[in-house]
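As structure tokens, the structure follows; a few thoughts come after it.
The values are calculated or read from the model by the stated rules, or taken from the named source; none is laboratory data. No experiment lies behind these values; they were computed from the predicted model shown. Every residue, glycine among them, receives a Cβ derived from its backbone with ideal geometry; neighbour counts consider all protein chains shown.
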Amino acid sequence: MSNTPDPGSKPKGNIRGKLPKSTLKRERIVKAAAVVFCRRGYAEATLAEIAAEAGTQAGSLYYYFDGRDQLVEEVLSYTVRDLRAKVANALEMLPPAADSLDRLITTVRTHVLTILEMDAFNLAYHKIHDQVPPELNERNKRDARSYARFWTQVFNEAVRDGHLREDLDSRLTRLLIVGSITWMNEWYKPKGASSPEDIASALIDLFFKGAARVPDDAISRYREIATA
């Protein structure tokens with residue numbers, strides 16, 4: 001059995017209709033904030049526009065949040081937590097016989113599919129995470145570092161079990177793969193030729209099979225040139 005740490009807690013599983021009205025309104029405000037941050041960016045988003053998007057008065061936002069900066073933190077944190085939860089759920093759905101390779105493929109696939117949902121939270125995160133002041137980004141960085149450690153562990157387990165090369169730099173590989181996924185929403189077209197499943201499969205195929213069809217001596221020559 002894999003000893004990969006759980007990448008995030010699962011959603012509580014509450015029935016939406018039974019949640020308190022205050023909780024539902026708070027969630028509605030956070031979602032509205034994501035929409036506005038996606039539309040305006042960090043600097044130009046206002047509480048008035050967020051309130052209008054949420055269908056409430058600007059003054060009522062202070063009942064739930066101290067101000068705009070707390071909403072920024074909530075949007076960034078929710079995005080990472082939601083991604084972690086979706087990966088955790090996908091891993092839990094794997095059959096008992098699943099090995100570390102299955103877990104790695106599932107992690108990559110779920111991450112791609114979540115990013116390509118193109119919802120307001122993912123788009124807002126992509127737009128503002130590097131615009132906000134460092135002190136506001138600290139909570140997000142902690143969440144992101146925890147998720148990065150999970151990815152590195154998944155790679156290390158696949159190496160340990162012989163599914164990946166022993167000389168693989170897990171940290172660098174994680175940065176390359178997650179970095180490529182992060183920027184997919186820049187070029188992905190929901191009505192384009194490739195579906196999210198197509199893109200996830202292409203990335204997994206490229207990672208495990210490679211793109212080049214070259215003999216070993218050609219790879220050795222490349223490495224000599226690259227390190228010259």
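Can you name every residue in region 193-216 that is at pLDDT below 90 and more than 18 Å from Leu104 (Cβ to Cβ)?
Result: Ala211, Ala212, Arg213, Val214, Pro215, Asp216.
This table checks each residue for (1) hydrophobic (A, V, I, L, M, F, W, C); (2) in contact (Cβ under 8 Å) with a residue 12 or more places away in the chain; (3) at negative phi.
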{"site": "Lys127", "(1), (2), (3)": "no, yes, yes"}
{"site": "Leu136", "(1), (2), (3)": "yes, yes, yes"}
{"site": "Arg139", "(1), (2), (3)": "no, yes, yes"}
{"site": "Arg145", "(1), (2), (3)": "no, no, yes"}
{"site": "Ala148", "(1), (2), (3)": "yes, yes, yes"}
{"site": "Gln153", "(1), (2), (3)": "no, yes, yes"}
{"site": "Glu157", "(1), (2), (3)": "no, yes, yes"}
{"site": "Gly162", "(1), (2), (3)": "no, no, no"}
{"site": "Leu172", "(1), (2), (3)": "yes, no, yes"}
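Restricting to region 104-136, count the residues that are more than 15 Å from Ala34 (Cβ to Cβ) and within 16 Å of the chain's Cα centre (by Cα).
Count: 12.
Take the residues of region 3-30 that are over 13 Å from Tyr64 (Cα atoms) and not in a loop (DSSP other than H, G, I, E, B): which is modelled with the highest pLDDT?
Here is the first cut: in region 3-30, the residues over 13 Å from Tyr64 (Cα atoms) are 3-20.
Still in the running and not in a loop (DSSP other than H, G, I, E, B): 16-18.
On the way: Arg16: 50, Gly17: 54, Lys18: 65.
Within region 3-30, the match that is modelled with the highest pLDDT is Lys18.
Report yes if Ala33 is among the small types (Gly, Ala, Ser), buried (at least 18 other Cβ atoms within 10 Å of the Cβ), modelled with pLDDT of 90 or more and part of a helix (DSSP H, G or I), otherwise no.
Yes, satisfied.
If the Cβ limit is 9 Å and pairs must be 6+ apart or interchain, which residue in region 101-124 that is under 22 Å from Lys191 (Cβ atoms) pairs with which residue that is of a type outside the set (A, V, I, L, M) and part of a loop (DSSP other than H, G, I, E, B)?
Here the result reads Ile115/Tyr188; Leu116/Tyr188; Leu116/Pro190; Leu116/Ser195; Met118/Tyr188; Met118/Pro190, each pair linking region 101-124 to a residue that is of a type outside the set (A, V, I, L, M) and part of a loop (DSSP other than H, G, I, E, B).
Output the number of residues of region 158-190 satisfying the condition of being crowded, with 16+ Cβ neighbours inside 10 Å and not β-branched (Val, Ile, Thr).
8
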